[in-house]
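In what follows, a single structure is set out as structure tokens and then discussed.
The values are calculated or read from the model by the stated rules, or taken from the named source; none is laboratory data. Small disclaimer: the values here were computed from a predicted structure and weren't measured. Positions of Cβ are backbone-derived with ideal geometry, glycine not excepted, and every protein chain shown enters the neighbour counts.
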Amino acid sequence: MSMILAALLLIPFVAAIVSLIGSRRAAETVTVAAGVASLVLTVLLMPVVDRRGTVHAGVWLRVDAISLVFLLATSFLYAMAALYAIGYLRDASAPEEDTIRHVRRFYAGMNLFAWAMLSVPIVNDLALVWIGIEITTVVSALLIAVEDTDGAAEAAWKYVVLASAGLSIALLATVLMYFAGTTALGGSYEPRVTLLVAVGGSLPPTVVKLSFVLAVLGFGTKVGLVPVHTWLPDAHSEAPTPVSALLSGSLLTVSFYAILRYVQIAQRSIGPTYPRTVLLIFGIASLLLAALYVLDQRNLKRLLAYSSIEHMGILAIGTGFGATIALVGIFLHVLAHAAAKATAFFGAGSVLHKFGTQDMRSIRGGLDVLPWSGPLFVLAVLALGGMPPFGLFRSEFQIVTGGLAGDRFALTATLVVLVTLAFFGLTLFSTRIMVSPGRDLPPRGEASGWMVAPMVLGVAVLLVLGVHPPADLQRLLELAAGELRSVR
Amino acid sequence: MAHVPTVFDSVANVIAVGVLLAEFGMFRASMVDSQLRLYAVQSWLVAALAAVVAATRHVPSLYALAIVSAVLKAIVVPWIMLRFLHRADVDLARISKVRVSSIVLTGIAVAAIGFFAIGSLRIQSPVLPSAALAIAAGEVLVAFLLIIARTDIVSQAVGIFSLENGVFVASLVLAWGLPILLALALVFDLLVAVLVFAIVIRSLHHQEDTLSAEVLDRLKG
């Protein structure tokens, strides 16, 4: 089984190299193959984690139920984005020589991005988690800037400056946690998550508190938590669509994974109250601001970007509630949000391709011209709004139930009100561009079947997660919640 | 019994103060190239601290880190950036939004907040120069102020690099037992530096020979 962990790290890396030197067809084939292989390998890990609790490869690589949830979300999105990218890039009208260079750079970057995101939940070391997230910044900034427009350069600049500043703070958090560990583990040791959780009770509380707040602030920059979220709408709206989907559905949650590891260590050391309070503050601020911005948004991809901030806020609040059912809810939310947000971004990409603009005031009659991606986009947006029967309804219901179970009535009511507010903004604008009749519409038809297939998959997964999640997956979510909740 | 400062504590504290003073010097520097030279000085100081930690704590791999840090951060990065600035032939002056006197006074206040906030937490250990940690915290906050106050992208990039120097000082005094983390952090900081620079060139190409960040205002809301 340890071979699977090594393969998960090796496959996307090899795919990146092949993409960089091969033909367009080779790059497309190897990227789809790598995405699907990563997903299959991750699914193969599920019964093993269910049986043994963890899978190890040496001392450096370790997957438990928490890591596996994030691996599932990332590998699923990797496969979806690889399929979508085929249609997205074949449509480019640049000269052949420029196009092949662009295609090679794009696929190599996408595979490296997936490699970095897959490595974060696999490594069993706080320092390596930080390095993995730093690599995601470098690669994704290049991918945001890959289209060489003014907007893309500006978005990439803001992203690099803010993410670098945030990750510097996260490095400070890492070295402080390392320093905290020296009291129990000696001057020189490897800061493995398992080791720090094991000695959590003997870590100095003040240092752990400081480290935790800095970790939430630093990694929170990459998660998109308010007030360190300002790069996110720009990057999501200017990046190529497959990259927007990976950024929103996977990168944000992978960074949230880093915060969850600090939650595990902190609650062993200082108890659950302090970390939960910090997360509730950041979560409510994110949800509030995102809900208000969603109500006043005119750009389609920015609308979806603010929806991502909203959903990251929901994750932080769910973790802050701390009840087991809320924690099961946040892990389901990670999976369902990945499927819904990727499907919505893919739909937005098709709209952008058809109408040539992201300005929702200029787009009408989407359902008339996009026979497949139009309805699928509407379904994804309804799912993002938390409508049944999709997975996000189930996960948000579980988080709300967790809030009520913990007697946090005011916070739960605030959560419900803000989610409802965001739902109105999101569905009103998105359905208006699809349902309202338009004049001088572009010709009816989809740009490519490759751009529709992943959307069908995304909606199917959302339905399965909402109506009847597989028993194996349900057990995995409960196992992950149990690991996160374990205080003593 | 009170903790008696060792020679290492004193050297670490002096170097941390030097790094902070270089940061204040950057406020005073009205030209981007003088700011870059101050960044080089700051990087020499950080490399010296790495060598001192290597000698005191008997961690030989930190010597290699000190050498790599000196070569890359104190020589290669400033040299490449200076070369680029001279080639780009752009106006290098008038880069601050705020007057020097105001920004230096604000910087002193911010550094004091960082210093006393960390100091008040009483993070103590027999092997930790506490004052150096508190000064590094002040330096990080001052670097943030520098990034905010500057209106050109090269100057903002240098602000990010100097912020990383501040974090590096803190890392050296807190996590000297983990040279692999320090080495990798350095490598990835430089990777970001190169990336930032690539984007600066791209942006410059599109923005008609200007380095001002004030034109980067298309994306709003």
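Restrict the check to the stretch A:63-82 and report whether at least one residue is on the phi < 0 side of the Ramachandran plot, buried (at least 20 other Cβ atoms within 10 Å of the Cβ) and not in a helix (DSSP H, G or I).
Within the stretch A:63-82, the subset on the phi < 0 side of the Ramachandran plot is A:63-82.
Those still in the list that are buried (at least 20 other Cβ atoms within 10 Å of the Cβ) too: A:63-82.
Going one step further and asking which of them are not in a helix (DSSP H, G or I), we end up with A:63-64.
Checked against the condition, which is being on the phi < 0 side of the Ramachandran plot, buried (at least 20 other Cβ atoms within 10 Å of the Cβ) and not in a helix (DSSP H, G or I), the stretch A:63-82 yields at least one hit.
Among the residues of the stretch A:242-263, is any more than 21 Å from the chain's Cα centre (by Cα), under 29 Å from residue B:133 (Cβ atoms) and not assigned by TED's automatic domain parsing to the domain that holds residue A:420? Full working, then the answer.
First, pick out the residues of the stretch A:242-263 that are more than 21 Å from the chain's Cα centre (by Cα): none.
There is no residue in the stretch A:242-263 that is more than 21 Å from the chain's Cα centre (by Cα), under 29 Å from residue B:133 (Cβ atoms) and not assigned by TED's automatic domain parsing to the domain that holds residue A:420.
List pairs: first in the stretch B:74-101 and at positive phi, second modelled with pLDDT under 70, Cβ under 9 Å, 6+ apart or cross-chain?
Listed pairs, sorted by first residue: B:89/B:209.
So residue A:85 ticks every box in (1) under 22 Å from residue A:256 (Cα atoms); (2) crowded, with 24+ Cβ neighbours inside 10 Å but one. Which box is left unticked?
The single condition residue A:85 does not satisfy is (1).
What are the residues in the stretch B:157-179 that are facing chain A (nearest Cβ under 7 Å) and among the β-branched types (Val, Ile, Thr), if any? Lay out the reasoning, then the answer.
Within the stretch B:157-179, the subset facing chain A (nearest Cβ under 7 Å) is B:160, B:163-164, B:167, B:170-171, B:174-175, B:177-178.
Selection gives B:160, B:167.
Please enumerate the residues belonging to the stretch B:8-29 that are farther than 18 Å from residue B:170 by Cα and either in contact with a strand residue (DSSP E or B) (Cβ under 7 Å, 6 or more places away or on another chain) or without any contact (Cβ under 8 Å) to a residue 40 or more places away in the chain (or both).
B:25, B:29, listed by residue number.
Among the residues of the stretch A:357-382, what is the count of those that are in contact (Cβ under 8 Å) with a residue 24 or more places away in the chain and over 13 Å from residue A:455 (Cα atoms)?
Residues that pass the stated criteria total 12.
Suppose we filter B:54, B:64, B:93, B:22 for residues that are among the small types (Gly, Ala, Ser), modelled with pLDDT of 80 or more and closer than 22 Å to residue B:143 by Cα; which single one remains? Give the derivation first.
On the way: B:54 fails: closer than 22 Å to residue B:143 by Cα; B:64 fails: closer than 22 Å to residue B:143 by Cα; B:93 fails: modelled with pLDDT of 80 or more.
Matching residue, one of B:54, B:64, B:93, B:22: B:22.
Return the residue satisfying two criteria in turn: it lies in the stretch B:126-135 and is in contact with a helix residue (DSSP H, G or I) (Cβ under 7 Å, 6 or more places away or on another chain) and not in a helix (DSSP H, G or I), and of such residues it is farthest from residue A:188 (Cα to Cα). Steps first, please.
Filtering the stretch B:126-135 for residues in contact with a helix residue (DSSP H, G or I) (Cβ under 7 Å, 6 or more places away or on another chain) gives B:128-129, B:131-135.
Checking the rest, the ones that are also not in a helix (DSSP H, G or I) come to B:128-129.
Values: B:128: 14, B:129: 17 Å.
Checked the stretch B:126-135; the qualifying residue farthest from residue A:188 (Cα to Cα) is B:129.
So, residue A:132, is that one farther than 18 Å from residue A:250 by Cβ and either assigned by TED's automatic domain parsing to the domain that holds residue A:255 or buried (at least 23 other Cβ atoms within 10 Å of the Cβ) (or both) or not?
Details: farther than 18 Å from residue A:250 by Cβ: no; either assigned by TED's automatic domain parsing to the domain that holds residue A:255 or buried (at least 23 other Cβ atoms within 10 Å of the Cβ) (or both): yes.
Taking the combined requirement at face value, the residue does not satisfy it.
What number of residues within the stretch A:288-305 satisfy the criterion of being crowded, with 21+ Cβ neighbours inside 10 Å and in contact with a His (Cβ under 9 Å, 6 or more places away or on another chain)?
Total satisfying the criteria: 5.
Sort out which residues of the stretch A:436-464 are in a loop (DSSP other than H, G, I, E, B) and under 30 Å from residue A:314 (Cβ atoms), and write them in order of number.
Answer for the stretch A:436-464, where residues must be in a loop (DSSP other than H, G, I, E, B) and under 30 Å from residue A:314 (Cβ atoms): just A:436.
Being at pLDDT 85 or above and within 29 Å of residue A:65 (Cβ to Cβ) narrows it down to one residue among A:143, A:89, A:162, A:128; which is it? Let's see the steps before the verdict.
Working: A:143 fails: within 29 Å of residue A:65 (Cβ to Cβ); A:89 fails: within 29 Å of residue A:65 (Cβ to Cβ); A:162 fails: within 29 Å of residue A:65 (Cβ to Cβ).
Going through A:143, A:89, A:162, A:128 in turn, the sole match is A:128.
Looking at residue A:71, is it modelled with pLDDT of 95 or more and under 18 Å from residue A:337 (Cα atoms)? So that I can check it myself, show each step before the final result.
On the way: modelled with pLDDT of 95 or more: yes; under 18 Å from residue A:337 (Cα atoms): yes.
Criteria met by residue A:71.
Does at least one position in the stretch A:138-161 carry a residue that is farther than 24 Å from residue A:447 by Cβ, part of a helix (DSSP H, G or I), within 14 Å of another protein chain (Cβ to nearest Cβ) and of a type in the set (Phe, Trp, Tyr)?
Yes, the stretch A:138-161 contains a residue that is farther than 24 Å from residue A:447 by Cβ, part of a helix (DSSP H, G or I), within 14 Å of another protein chain (Cβ to nearest Cβ) and of a type in the set (Phe, Trp, Tyr).
Here is a check on your reading of the model: is residue A:206 within 13 Å of another protein chain (Cβ to nearest Cβ) and among the polar types (S, T, N, Q)?
On the way: within 13 Å of another protein chain (Cβ to nearest Cβ): yes; among the polar types (S, T, N, Q): yes.
Judged against the criteria, residue A:206 is a match.
Does residue A:427 count as at pLDDT below 95, among the hydroxyl-bearing types (Ser, Thr, Tyr) and either touching a Lys or Arg at 6+ places or on another chain (Cβ under 7 Å) or surrounded by 15 or more Cβ atoms within 10 Å (Cβ to Cβ) (or both)?
yes
When the stretch A:347-379 is examined, which residues are found to be buried (at least 24 other Cβ atoms within 10 Å of the Cβ) and among the small types (Gly, Ala, Ser)?
Passing the criteria: A:347, A:348, A:349, A:350, A:366, A:373.
Does residue A:181 meet the test of being more than 10 Å from chain B (Cβ to nearest Cβ) and touching a helix residue (DSSP H, G or I) at 6+ places or on another chain (Cβ under 6 Å)?
Numbers: more than 10 Å from chain B (Cβ to nearest Cβ): no; touching a helix residue (DSSP H, G or I) at 6+ places or on another chain (Cβ under 6 Å): yes.
In short, no.
Identify, please: which residue in the stretch A:187-203 is within 24 Å of residue B:59 (Cβ to Cβ) and more than 8 Å from chain B (Cβ to nearest Cβ) and is, among those, nearest to the chain's Cα centre (by Cα)? Give the derivation first.
Kept after step one, since they are within 24 Å of residue B:59 (Cβ to Cβ), are these residues of the stretch A:187-203: A:187-193, A:195-196, A:199, A:203.
Okay, now just the ones that are also more than 8 Å from chain B (Cβ to nearest Cβ), so A:192-193, A:195-196, A:199, A:203.
Values: A:192: 24, A:193: 21, A:195: 27, A:196: 26, A:199: 30, A:203: 31 Å.
Selected residue: A:193.
Determine, yes or no, whether residue A:314 is in contact with an Asp or Glu (Cβ under 7 Å, 6 or more places away or on another chain) and within 22 Å of residue A:423 (Cβ to Cβ).
Values: in contact with an Asp or Glu (Cβ under 7 Å, 6 or more places away or on another chain): yes; within 22 Å of residue A:423 (Cβ to Cβ): yes.
Answer is yes for this residue.
Are any residues in the stretch B:117-134 within 14 Å of another protein chain (Cβ to nearest Cβ) and of a type in the set (A, V, I, L, M, F, W, C), and if so, which ones?
First, pick out the residues of the stretch B:117-134 that are within 14 Å of another protein chain (Cβ to nearest Cβ): B:117-130, B:132-134.
Listed by number, the residues that qualify are B:117, B:118, B:121, B:123, B:127, B:128, B:132, B:133, B:134.
Would you check which residues across the stretch B:145-156 are in contact (Cβ under 8 Å) with a residue 24 or more places away in the chain and either within 8 Å of another protein chain (Cβ to nearest Cβ) or outside any helix (DSSP H, G or I) (or both) and list them? Outline the logic, then answer.
If we filter the stretch B:145-156 for residues that are in contact (Cβ under 8 Å) with a residue 24 or more places away in the chain, which is where we start, we get B:145-146, B:149-156.
Of everything in the stretch B:145-156, those that are in contact (Cβ under 8 Å) with a residue 24 or more places away in the chain and either within 8 Å of another protein chain (Cβ to nearest Cβ) or outside any helix (DSSP H, G or I) (or both) turn out to be B:150, B:151, B:152, B:153, B:156.
Can you spot a residue in the stretch A:380-398 that is charged (D, E, K, R), under 21 Å from residue A:237 (Cβ atoms) and buried (at least 22 other Cβ atoms within 10 Å of the Cβ)? Quick ask: steps written out before the conclusion?
We begin by selecting, within the stretch A:380-398, every residue charged (D, E, K, R); these are A:394, A:396.
So of that shortlist, the ones also under 21 Å from residue A:237 (Cβ atoms) come out as none.
No, the conditions are met nowhere in the stretch A:380-398.
Would you tally the residues in the stretch A:11-32 being crowded, with 17+ Cβ neighbours inside 10 Å, among the β-branched types (Val, Ile, Thr) and either touching a residue at least 12 places away in the same chain (Cβ under 8 Å) or more than 16 Å from residue A:88 (Cα to Cα) (or both)?
5
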